[in-house]
Amino acid sequence: MTRKELANKIGVNFQTVGYLEREEYNPSLDLAFRISEVLNKPIEFIFSSKPMKPLSEIAFEKMQLNIS
């Protein structure tokens, strides 16, 4: 999904989505819920107070466990 598509679905400017991605803007609770609903993921999966590992790193770790 593009920034523009997500922005249209959650009712914000596409630049706002970019600010969110770069952690330059914190969403309101209402906006966080809208994003969660559109992406069909729990809020804590999308937003966290702790830095999250990149998905590529998680996938690599799982691959290493399967090799061992």
Subject >> Helix axis angle, 29-39 relative to the chain longest principal axis, alpha carbon, degrees >> reply: 60 degrees
**OP:** Would you order Arg22, Arg3 from fewest to most other beta-carbon atoms within 10 Å of each residue's own beta-carbon?
**Re:** Arg22, Arg3
**OP:** Would you mind ranking Glu44, Glu37 by Cβ crowding within 10 Å, fewest neighbours first?
**Re:** Glu44, Glu37
Original post:
What spacing in nm lies between the two simple spin-label points modelled at Leu29 and Lys50, each 7 Å away from Cα in the Cβ direction?
Top reply: 2.3 nm
Original post:
Using 1/(1 + (r/R0)^6) with R0 = 25 angstrom and r between the beta carbons of Glu57 and Lys9, what's the FRET efficiency to the nearest 0.05?
Top reply: 0.30
Original post:
Among all lysine pairs in the chain that are eight or more places apart or on different chains, how many have alpha carbons less than 18 angstrom apart?
Top reply: 4
**OP:** Among Leu39, Leu6, rank each residue by its count of other Cβ atoms within 10 Å, from fewest to most, as a rough exposure measure.
**Re:** Leu39, Leu6
Subject >> Principal-axis tilt of helix 55-67 within the chain, Cα atoms, nearest 10 degrees >> reply: 20 degrees
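Just so you know, all these numbers are worked out from the coordinates, no wet-lab data involved. All values derive from a computational prediction rather than experimental measurement. All Cβ positions, even for glycine, are placed from backbone atoms using ideal geometry, and neighbour counts span all protein chains on display.
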